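Bear in mind these aren't lab numbers, they're just calculated from the coordinates by the rules spelled out. This structure is a prediction, so every number in the text was calculated from the model and none was measured. Ideal geometry is used to build each Cβ from the backbone, glycine not excepted, and the neighbour counts take in all protein chains shown.
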Amino acid sequence: MSEPFNIIILSRNRQLYSTRRLVEAGEEGGHTVRVVDPLRCYMNISSHRPEIHYKGEVLPACDAVIPRIGASITFYGTAVVRQFEMMGTFSVNESVAISRSRDKLRSLQLLSRKGIGLPVTGFGYSPDDNLDLINLVGGAPLVVKLLEGTQGKGVVLAETNKAAESVIDAFRGLRAYFLTQEYIKEAGGADIRCFVVGDKVVGSMMRQAKDGEFRSNVHRGGSTRAIRITPEERSTAVRAARIMGLNVAGVDIMRSNHGPVVLEVNSSPGLEGIEGATGKDIAGAIYGFIEKNGKAGKTRTRGRG
Ligand code: ADP
């Protein structure tokens, strides 16, 4: 067994399955684990000796943090992670990587630059370009999605160009940015969640949309099962995580007739679905990574970037 670590899990809710499992697996590994709510962390950002205050105390130094930062608290949460980095604390996912992956558009552009397969995707501004944006992705049926959506909210399948135009007009009316995207019909409402830790896919599951629904999100009634992925899918997932700079990532892939395409790279992937579907100790794999890499002072950016 490796030396025990002092680890902080940044999570808003210690009752969540993922948080509970991370505590359990850490303690099983002989580590000292503490759950800290990132929204209760505060700091003197001008101090030459960076530190973090928590509910009236100064947090004692720790070896590593595991950030579990929900999409709704990205701005504050990444500021807290950055403060840990300034203190030289190793963060399993660094603040810049978390912020980068939360920007869907920027993520797709970075992945595309490195040759990762993506659904054909359009992005535009002016209503004068509506029709071109629809045609750019092959016309109807097509997917129109809000840039800011999560859990499948704001992801619409438009069966006709007219329907797509109406959805686009509605999104524009709300002053919301959106993408047009090729509909990957051949995937049959299924996508694959690859759970990446370091340079490995440590678990993968297929999510299947329920009847009459094309979105496979579990929040929308999708079902999950373990699946064997192809070497190409494996390398796509690992490369996508690396391009985003994430050591722990949930990479969502669809099987298109032009190969595996990445839909999204998630920086705080849930453990419940993947551990349930695969029966694997994914939380334990995260500690394996920390034990190998997580020494204080090894953080690369120290809050830069
Ligand atoms: P969110 O981040 O809100 O989950 P996604 O872009 O991952 O949004 O889309 C939600 C779900 O909708 C996906 O898991 C997938 O099942 C389905 N989906 C998204 N984009 C496409 C597409 N281009 N073609 C087919 N299905 C899609």
Inset, instruction - Could you point to the residue in Val248, Gly117, Ala176 farthest towards the positive end of the chain's charge dipole, with +1 and -1 charges on the Cβ of Lys/Arg and Asp/Glu respectively? - result: Val248
Inset, instruction - In vacuum, with every alpha carbon of the stretch 121-183 counted as one equal point scatterer, what does the Debye formula give for log10 I(q)/I(0) at q = 0.25 Å⁻¹? Two decimals, please. - result: -1.03
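Just add up the charged neighbours of Cys194: K/R +1, D/E -1, any other residue whose Cβ is under 13 Å from the Cβ of Cys194. Mind dumping the intermediate values first?
Details: positive: Arg193, Lys200, Arg207, Arg228, Arg234, Arg239, Arg242, Arg255, Lys280; negative: Asp191, Asp199, Glu232, Glu233, Asp252, Glu264.
Charge balance in the 13 Å sphere: +3.
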Inset, instruction - Taking each pair of different alpha-carbon atoms in the chain once, compute 1/r for the pair, average those values, and report the inverse of that mean as the Kirkwood hydrodynamic radius in Å to one decimal. - result: 20.3
Legend entry - Of Lys145, Lys55, Lys185, the one that fluctuates the most in a GNM where the chain has Cα springs shorter than 10 Å: Lys55
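Determine, from the Cβ-Cβ distance of His48 and Asp199 and an R0 of 25 Å, the FRET efficiency 1/(1 + (r/R0)^6), rounded to the nearest 0.05. Present the calculation step by step, with values, prior to reporting the outcome.
Numbers: r = 36 Å, r/R0 = 1.45.
Once rounded, the FRET efficiency stands at 0.10.
Only four residue types carry charge here, +1 at the Cβ of Lys and Arg and -1 at the Cβ of Asp and Glu. Report the dipole size of the stretch 198-264 about the Cα centre in Debye, rounded to the nearest 20.
Working: 11 positive and 7 negative charges, 27 e Å.
Result for the stretch 198-264 is approximately 120 debye, rounded to the nearest 20.
State the three equivalent ellipsoid semi-axes of the stretch 15-80, derived from the C-alpha gyration tensor as the square roots of 5 times its eigenvalues, in descending order and whole Å. Don't skip to the answer; put the middle values down first.
On the way: eigenvalues 103, 52, 18 Å².
Working from the Cα gyration tensor, I get semi-axes of 23, 16, 10 Å.
Compute the orientation-averaged projected area for the stretch 1-115 from the convex hull of its Cα atoms and round it to one decimal in nm². Show your work: numbers first, answer last.
Working: hull surface 35.9 nm².
Its Cα hull, projected and averaged over all orientations, spans 9.0 nm².
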Inset, instruction - In nm, give the distance between the simple-model label positions of Ala170 and Ser2, each being 7 Å from the Cα along the Cα-to-Cβ direction. - result: 4.9
Inset, instruction - As a check on your grasp of the helix formula, calculate [θ] at 222 nm for the chain: sum -39500 (n - 2.57) over DSSP H runs of n ≥ 4, divide by the residue count, round to the nearest 500. - result: -9500 deg cm²/dmol
Inset, instruction - Could you work out how far the C-alpha centroid of the stretch 264-297 sits from that of the stretch 49-86, in angstrom? - result: 19
Inset, instruction - For the stretch 178-305, report the convex hull volume of the alpha-carbon atoms normalised per residue, in Å³, without decimals. - result: 131
